[in-house]
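Trainee: Quick one: the structure is below, questions incoming.
We did not get these values from a lab; they are worked out from the coordinates using the rules stated. Fair warning: this is a prediction, and the values are worked out from it, not measured in the lab. With ideal geometry, Cβ positions are generated from the backbone for all residues, glycine too; neighbour counts draw on all protein chains shown.
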Amino acid sequence: MKIHEYQSKHIFAKYGVPIPNGKVAIAPKEARDIAKDLGGRVIVKSQVLVGGRGKAGGVKLANSPEEAEQHAATILGMNIKGLTVRKVLIDEASNIKSEIYLGITNDRAKRMPVMMVSAEGGVDIEEVARVSPEKIIKVHINPLLGLQGYQIRDIAVSIDLPRENWKEFSVIANGLWQAYDKSDATLAEINPLVITEEGTLLAVDGKMLIDDSAIFRHPDIAEMRDTDVETEAETIAREHDLSYIKLDGEIGCMVNGAGLAMTTMDIVKLFGGSPANFLDIGGGANAEKVAAAFRIILSDPNVKVVLINIFGGITRCDEVAKGVLAAIEEVKPDVPMVVRLVGTNAEEGRALIAAANMITAETLAEAAEKAVAAAKEA
Ligand code: GDP
Ligand code: MN
C-alpha cells in the first residue's frame, strides 16, 4: 500500500528524521493561510501517489502567501499520470545546496533489506541509476542486527558527506531504518535528503510502501489508504477479502484456493485459452463473496466466459452453488458460465447449477476445454 508524502514524512519524523514545517491544504485559500503562518516562502506540493510530481508541474515554489494560493489553485484538480490532485502539502521552502538520495527496500535475492544512497539524488535519480549505477551505494542490513554504526560511516565516506553532517546523517539513516522496520514497509525513501545552504540536513520528500500483508498490524496506517490509486475491481476485492490480480486474457476464473487458482490458469492455457485474472475467493465462500467476485470478473470488458472451479472440502458444493445462483440473480451476467464443482455435496451442487442453464463439467480438463470453446464461439 502506498501512502502520501506528508504521511511518510510524519512517520519519518516520529523516528527523529528532520522534516520541513508544513501542513496539508485542500483549498487555495487554506494554502494561503498556511503559507502566511510559515513565513511566506513555501513550496506547494501535490499529494498524489505517483512519482515525478516535480517534473509534471506538481511541485512549485512560492515567495508569498498570494503566490502560494495561486499555485495551489493551479495544482489542486491537476491530473498527474491519471490521478487527480485533491490535496497539496504546503512546506516551508528550503534553500537547497545539494540533494542526496536515501532509500531502503527489500533485496529479495539477498533476502535482506538494502539501504541505497547516492550523492546525486533528486528528480533524476532513475537516470543516475540507469547511466551510472556505480554512483548508487548499496548496503545490506541484517534485519536481526539492524543498521550498524560502521555501515552508516561507510556510507557517509562513500558519498563524500561533509564531516559536520555525519552526526545528523546517522540519526536520519537510523530513523529511516526504524521507520521501515517498525512500519513493515517494503520501501522507505527520502529523495531528496538535502544539504541546505545553512549546512544542515533535511528530508524534503518522503515515500513509503507498506506490506499489504502486514497492514493489519498497523491500524493507524491502514486508515491512510487512498483508494484513488486502486481500480474499482481492486477495491471490491480488498473489501471482500478476495485475492485478485487482473490479467489480459478472456476467460474469467473464479476459484477457491490459491493453488487451485494457479492450476486452473495453467490448464486454461494448456487448452489454448488465456485467463483474464487470478482470483481466489478463499474458503467458505458465501453468496456475497461470490457476487463480489462476479462483479469483479464482469467489470473486465475482455471477459467472454466465466470458469468457476470450486473444490468443496469444508466448503459444501451445494452452498457454493446456491451462492453462485444468488450472485447471478444479483449481477445478471451476460456471458456463458462453465462450472466445475467437486468434493462435499458435489452432486447436489451440480444439480442446482444444471437446472440454472449453466455449462457443467466433471473434471478440470473438461471444464477448461468447454470454457475455451465457449470463448472462441463468443
Ligand atoms: P517529486 O518530483 O515527486 O520527487 O517531488 P519532490 O518533493 O522530490 O520535489 C522535486 C524537486 O523539487 C526536488 O528534487 C527539489 O529539487 C525541488 N524542491 C522540493 N522542495 C524544495 C524546496 O523547499 N526548495 C527548493 N528550492 N526546491 C525544492
Ligand atoms: Mn522526490
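Trainee: On full extension of the chain, what length is gained from Ser213 through Ile314, given 0.36 nm per residue of separation minus the C-alpha to C-alpha distance?
Mentor: Stretched fully, the Ser213-Ile314 segment lengthens by 33.9 nm.
Trainee: Once R0 is set to 35 Å, what does the formula 1/(1 + (r/R0)^6) return for the Cβ-Cβ distance between Lys29 and Ile96, expressed as a FRET efficiency to the nearest 0.05?
Mentor: Efficiency computed from Cβ-Cβ geometry: 0.80.
Trainee: Simple spin-label model, 7 Å along Cα-to-Cβ: Lys81 to Arg130 in nm?
Mentor: Going by the 7 Å Cα→Cβ label model, 1.4 nm.
Trainee: Please compute the Cα-Cα pair-distance distribution of the chain with 20 Å bins starting at 0, giving whole percents from short to long.
Mentor: Cα pair-distance distribution for the chain, in percent: 25, 40, 29, 6.
Trainee: Using alpha-carbon pairs under 8 Å, 6+ residues apart, how would you state the relative contact order of the chain in percent?
Mentor: Taking the mean separation of contacting Cα pairs over the length of the chain, I get 13 percent.
Trainee: Give the cross-link partners of Lys135 among the aspartates and glutamates, using a straight C-alpha distance below 19 Å as the criterion and excluding same-chain residues fewer than 8 apart.
Mentor: Partners within reach: Glu99, Asp107, Glu120, Asp124, Glu126, Glu127, Asp154, Asp160, Glu189.
Trainee: Please find, in a Gaussian network model of the chain (springs between Cα atoms separated by less than 10 Å), the residue of Met208, Met265, Met358 whose mean-square fluctuation is greatest.
Mentor: The residue that fluctuates most here is Met358.
Trainee: Can I ask one more? List the lysines whose Cα sits under 18 Å from the Cα of Lys23, skipping any in the same chain fewer than 8 residues away.
Mentor: Lys9, Lys14, Lys36, Lys45, Lys60, Lys87, Lys207
Trainee: Cα axis of helix 346-355 to longest principal axis of the chain: angle in degrees, 0 to 90, nearest 10?
Mentor: 80 degrees
Trainee: Let me ask something else. Only helical DSSP H runs with n ≥ 4 go in: add -39500 (n - 2.57) per run for the chain, normalise by residue count and round the 222 nm mean residue ellipticity to 500 deg cm²/dmol.
Mentor: The helix contribution divided over the chain gives -11000 deg cm²/dmol.
Trainee: How far, in degrees from 0 to 90, does helix 287-298 lean away from the longest principal axis of the Cα atoms of the chain, to the nearest 10?
Mentor: The angle comes out near 70 degrees.
Trainee: Using a basic spin-label model with each label point 7 Å from the Cα along Cα→Cβ, how many nm lie between Asn106 and Lys167?
Mentor: 3.7 nm
Trainee: What's the extension gain from Thr200 to Ala365 if we count 0.36 nm per residue and subtract their Cα-Cα distance?
Mentor: 52.8 nm
Trainee: Report, by chain and number, residues whose modeled amide H sits under 5 Å from the one on Ile141, excluding near sequence neighbours (fewer than 5 apart, same chain).
Mentor: Val114, Met115
Trainee: Would you mind computing, in nm to one decimal, how far apart the modelled labels at Val229 and Leu144 are, each placed 7 Å from Cα along Cα→Cβ?
Mentor: 3.3 nm
Trainee: Still on this structure, I have one more. Quick one: grab the alpha carbon gyration tensor of segment 252-378, order the square roots of its eigenvalues as a ≥ b ≥ c, and give me rounded if a/c is under 1.5, else prolate or oblate depending on whether a/b is larger than b/c.
Mentor: Judged from the Cα gyration tensor, segment 252-378 comes out rounded (a/c under 1.5).
Trainee: With everything on Cα atoms, drop me the angle between helix 258-270 and the longest principal axis of the chain, reported from 0 to 90° to the nearest 10.
Mentor: 70 degrees
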